[in-house]
Amino acid sequence: MNLIDTYAKIKGIKTALKKEDYSNAYVLIEKMEDKLKEQINIETAKAKGGMTEKERYLMAKKIIKGVEETCPAFKGAWFENGLQCICNSFYGVVLNDKIEGLPEVPEDVKKFKMENAFKTSKDFPIDFKFDFKEIKQTLKIAKSLLKEAKMNKSSIVDIDEGVYELANKNVNIENLYNVLVLIGDVTEVDSDDSNVVSPIYLYSKKGKAILLPLRK
């Protein structure tokens, strides 16, 4: 939150209080609180590990925000065996070092068992190295091409650059990028390359991830 935004909101609160519009003043204060909390979380992440941790925090927030309301089990992070989990319908991560300040799945919502998704994850090791900078640049190109295509293309995987080949499978390059931001440098890749729909498992010092391939 910059000084101009802060000033504008304080001015709005003063106006609402002057008119005795207490409900509107409360809403404005609540919005300020959320913005300040977000800024504190970003600064905390930067203090912990510079821009990398800031990017991890913002990416985790983006993933959680993008989950449909019909999937309450994924509308936040949760802990399993002491490790932080984040998931949507296309990929999931288990983090060894948690990301502070994330919204959490409510206590009354049944948690998804991430460990069950990794039961066969070590059965098919693959020798594969990622070029993170190349993936990031290719994703940028794919997004640009998708924007130019407008209504002719509805998804990034409709663009050739939006599809990444891995373990004899095709994956959404944006999903792969999101996972790599969260878990960092991958040290091990596992997947049954004889089955084009089997999950892909990624491991790093910061955690592990499961990524579902495209079915087309």
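Read the figures in this text as sums done on the coordinates, not as results from a lab. Computed from a predicted structure; not experimentally measured. Counting neighbours? That spans all protein chains shown, and the Cβs are built from the backbone with ideal geometry, glycine included.
Model label sites at ASN81 and GLU188, defined 7 Å from Cα along the beta-carbon direction, differ in position by 1.2 nm. Taking a ≥ b ≥ c as the square roots of the eigenvalues of the Cα gyration tensor of the stretch 119-211, is the shape rounded (a/c under 1.5), prolate (a/b larger than b/c) or oblate? Prolate is the answer for the stretch 119-211, as a/c is 1.5 or above and a/b outweighs b/c. Each of ILE126, ILE183, ILE200 has some number of other Cβ atoms within 10 Å of its Cβ, and from fewest to most they run ILE126, ILE183, ILE200.
Taking the number of Cβ atoms within 10 Å of each Cβ as an exposure proxy, the fewest-first ranking of LYS62, LYS119 is LYS119, LYS62.
Using a 10 Å cut-off around each Cβ, can you sort CYS87, CYS71 from fewest to most neighbouring Cβ atoms?
Numbers: CYS87 24, CYS71 13.
In increasing order of surrounding Cβ atoms, one gets CYS71, CYS87.
With a Förster radius of 35 Å applied to the C-beta separation of ASN96 and ALA149, the computed FRET efficiency comes to 0.35.
Here the contact order of the stretch 77-167, divided by its residue count and restricted to Cα pairs under 8 Å and six or more residues apart, works out to 17 percent.
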